[in-house]
1. Among the numbered criteria (1) within 29 Å of residue 115 (Cα to Cα); (2) free of Cβ contacts under 8 Å to residues at least 60 places away in the same chain; (3) surrounded by 16 or more Cβ atoms within 10 Å (Cβ to Cβ), which single criterion is violated by residue 102?
2. I'd like to know if the stretch 48-70 contains one or more residues that are more than 25 Å from residue 147 (Cβ to Cβ) and at pLDDT 80 or above.
3. Out of the residues in the stretch 50-77 that are among the polar types (S, T, N, Q) and surrounded by 13 or more Cβ atoms within 10 Å (Cβ to Cβ), state the one that is nearest to the chain's Cα centre (by Cα).
4. Can we say residue 59 is among the polar types (S, T, N, Q) and touching a helix residue (DSSP H, G or I) at 6+ places or on another chain (Cβ under 9 Å)?
5. Filter the stretch 1-25 down to the residues that are assigned to a helix (DSSP H, G or I), of a type in the set (A, V, I, L, M) and more than 21 Å from the chain's Cα centre (by Cα) and list them by number.
6. Step by step: first the residues of the stretch 16-48, then only those that are of a type in the set (A, V, I, L, M, F, W, C) and in contact with a Ser or Thr (Cβ under 8 Å, 6 or more places away or on another chain), then the one that is nearest to residue 76 (Cα to Cα). Which residue is that?
Amino acid sequence: MEKFKIYYFVLGGIFLGVSLYGIYISKVYSYLSDEPTACVNCHIMTPHFATWFHSSHRNRATCNDCHIPQDNSLRALWFKMNDGLRHSFIFTFGNYPQVIRIRPAGARVVQDNCLRCHSNQLSFVTLIKGKEFSNEHIFTRQCWDCHREVPHGRLASQASTPFARIPNENSVVPNWLKKEIKLLNK
C-alpha cells in the first residue's frame, strides 16, 4: 500500500487539475452573476441572446429576471443550480435538440415573472375575465400565447439568427500554454 501512495497522489493531482480546468473552461463562476453574457457561454444560446439583445426587455430585464424565480433567494439558487447542472450535462454531451423548448417548470417561472413585472398592465384582461387580479394563476392561457414574439422574436432554431453578433468568446487556452505552443512551432 505504501508504494502506491505516490500513484494515488499523482492521480489525485491529475483529477484535481482536470476538474479545475473544467471549471475554468466552462466559466462556472460567470453563472453566479446576472450578466446575460453568461448565457452565451454555450453557443446554443446565441439566438436567444441576440433576440433578447434587440428587444425592449434588454433595457429592463436580464435572463435571470425572466427565467429564475424571484420570490425567494433560496428557491432562485436551487432553480439556477438544477437548470445549470442539467444544461451543462446536455451541452457537454451534445444532447440538445435543434429547437429548444422551455420545460414546464421553466414555463411556470416565466409566467410568474411576467405577472410580477406587468401586473399593473393586466386590468383589461381581468375585465374580460370578470375576475379580480391577484398573484394567483387565474388565467387559463400563458402570456406568450398572445405575446409569442416577446422578447425572443420568432425564434425557432439555432439557424434562426445566422449572423447574430454576440460578445466575443475568450480563448480557453491559458496564456502560458499559448507561449509554449509558439515556442514549439519555431
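1. Here residue 102 clears every test but (3).
2. No, the stretch 48-70 has no match at all.
3. Looking at residues that are among the polar types (S, T, N, Q) and surrounded by 13 or more Cβ atoms within 10 Å (Cβ to Cβ), I get 64.
4. It is false that residue 59 is among the polar types (S, T, N, Q) and touching a helix residue (DSSP H, G or I) at 6+ places or on another chain (Cβ under 9 Å).
5. Across the stretch 1-25, the qualifying residues are 6, 10, 11, 14, 16, 18, 20.
6. Going through the qualifying residues, I end up with 38.
The values are calculated or read from the model by the stated rules, or taken from the named source; none is laboratory data. Everything quoted here is computed from the prediction, not taken from an experiment. Note: ideal-geometry Cβ built from the backbone for every residue, glycine included; neighbour counts use all protein chains shown.
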